[in-house]
1. Is it true that Lys23 is outside the structural domain of Glu200 (by TED's automatic domain parsing), without any contact (Cβ under 8 Å) to a residue 24 or more places away in the chain and surrounded by fewer than 19 Cβ atoms within 10 Å (Cβ to Cβ)?
2. Which residue out of Ala136, Ala189, Ala115 is assigned to a loop (DSSP other than H, G, I, E, B) and not β-branched (Val, Ile, Thr)?
3. Conditions first: (1) away from ligand 2 (no atom under 13 Å from the Cβ); (2) assigned to a loop (DSSP other than H, G, I, E, B); (3) free of Cβ contacts under 8 Å to residues at least 60 places away in the same chain. Thr88 passes all but one, so which condition is the exception?
4. When you scan the stretch 96-112, do you find a residue that is outside the structural domain of Asp7 (by TED's automatic domain parsing), touching a helix residue (DSSP H, G or I) at 6+ places or on another chain (Cβ under 6 Å) and assigned to a helix (DSSP H, G or I), even just one?
5. Name the pairs: first residue in the stretch 102-127 and farther than 13 Å from Asp183 by Cβ, second residue near ligand 2 (Cβ under 8 Å from one of its atoms) and not hydrophobic (A, V, I, L, M, F, W, C), Cβ to Cβ under 8 Å, at least 6 apart or on different chains?
6. Could you grab me the full set of residues in the stretch 26-49 that are among the charged types (D, E, K, R) and in contact (Cβ under 8 Å) with a residue 12 or more places away in the chain?
7. Considering every residue within the stretch 114-121, establish whether at least one is surrounded by 20 or more Cβ atoms within 10 Å (Cβ to Cβ), modelled with pLDDT of 95 or more, assigned by TED's automatic domain parsing to the domain that holds Phe153 and among the β-branched types (Val, Ile, Thr).
8. Only one residue in Leu181, Leu198, Leu126, Leu135 is in contact with a Leu (Cβ under 9 Å, 6 or more places away or on another chain) and within 13 Å of ligand 2 (Cβ to nearest atom), so which one is that?
Amino acid sequence: MFDTLTDSFTNAIKKIRFHDDEKALIKALNELKKNLLKADVNHKVVKELLAKVQVDTKANGIGKDQFLDAMRKALYELLEIGGSKGFTFSPNPPTVILMTGLQGSGKTTTTGKLAVYLKNKQKKVLIVAADLQRLAAVEQLRQITTQIEVELFEETDSTNPVDVVSAAMKYANSKLYDVVLIDTAGRLAIDDELMGELSEVKKVANPHEIYYVADSLTGQDAIRTATSFKEQFFQNMMVILRVV
Ligand SMILES: Nc1nc2c(ncn2[C@@H]2O[C@H](COP(=O)(O)OP(=O)(O)O)[C@@H](O)[C@H]2O)c(=O)[nH]1
Ligand SMILES: [Mg+2]
């Protein structure tokens, strides 16, 4: 994905010389627009980016360097988000994270990666197997947690994720865990059943953060599902896009 975007920028920069005129700037902007749209970047985002680059380049004198600087600045502004950055800990431990997303989006893998990150920060981490939809889901977590040497909470005979999470929370509180990562079940698409289950899990887990995991290769579809998820359900949700 980043290769396509890099090509978009390179092609646009080629259209403009070190000192150039407004016509060249328009050509470069058009090239950028064409390439970004081809790379499935949202049209509103493209419009916003182009407007910023145009104004900024003109303000600093039209030329290759100014165009490049303007692009860098506009991209940075676009990618920067308000609020907290990175992983934040709850003032009242354990910090509970609810991992959500569609089936196959990368929830379980990301849960493992997060656990490693936290373990390296000397945190005591518990992963909760609350995906009871797929038979292989718990086994997948067993393999991951064994490999990374992080404790797994599972209840072999339970079919109810709410019960599992509720028991896991009691356990985590009594054993003074720093972080609890709850891996939940996804569905092929957002449906009432998924929302109902996650609502119940959320009630018993009372999470500090809700992470929504999406595959960036699904392009604008990832944004659409994340938006509908957020609107329907989790106002404070954080989106994790896996990009490689
Ligand atoms: N390339 C790539 N593949 C990933 C990544 N995360 C997960 N996957 C793969 O995507 C598939 C689904 O991942 P999984 O974590 O089981 O998704 P879940 O159903 O949301 O729990 C698996 O085959 C993973 O190996 C990633 O960051 N990059
Ligand atoms: Mg999973």
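The values are calculated or read from the model by the stated rules, or taken from the named source; none is laboratory data. Given the structure is predicted, the values throughout are model-derived calculations rather than measurements. Heads up, the Cβs are rebuilt from the backbone with ideal geometry, glycines too, and the neighbour counts pull from every protein chain shown.
1. Values: outside the structural domain of Glu200 (by TED's automatic domain parsing): yes; without any contact (Cβ under 8 Å) to a residue 24 or more places away in the chain: yes; surrounded by fewer than 19 Cβ atoms within 10 Å (Cβ to Cβ): yes.
Spelling it out, Lys23 is indeed outside the structural domain of Glu200 (by TED's automatic domain parsing), without any contact (Cβ under 8 Å) to a residue 24 or more places away in the chain and surrounded by fewer than 19 Cβ atoms within 10 Å (Cβ to Cβ).
2. Values: Ala136 fails: assigned to a loop (DSSP other than H, G, I, E, B); Ala115 fails: assigned to a loop (DSSP other than H, G, I, E, B).
From the options Ala136, Ala189, Ala115, the qualifying one is Ala189.
3. Result: Thr88 fails condition (3) only.
4. Yes: one or more hits.
5. Within 8 Å, the pairs are Leu102/Gly186; Gly104/Gly186.
6. Here is the first cut: in the stretch 26-49, the ones among the charged types (D, E, K, R) are 27, 31, 33-34, 38, 40, 44, 47-48.
If the condition is that a residue be among the charged types (D, E, K, R) and in contact (Cβ under 8 Å) with a residue 12 or more places away in the chain, then Lys27, Glu31, Lys33, Lys38, Asp40, Glu48 are the ones that fit.
7. no
8. Leu181 is the lone residue from the list that is in contact with a Leu (Cβ under 9 Å, 6 or more places away or on another chain) and within 13 Å of ligand 2 (Cβ to nearest atom).
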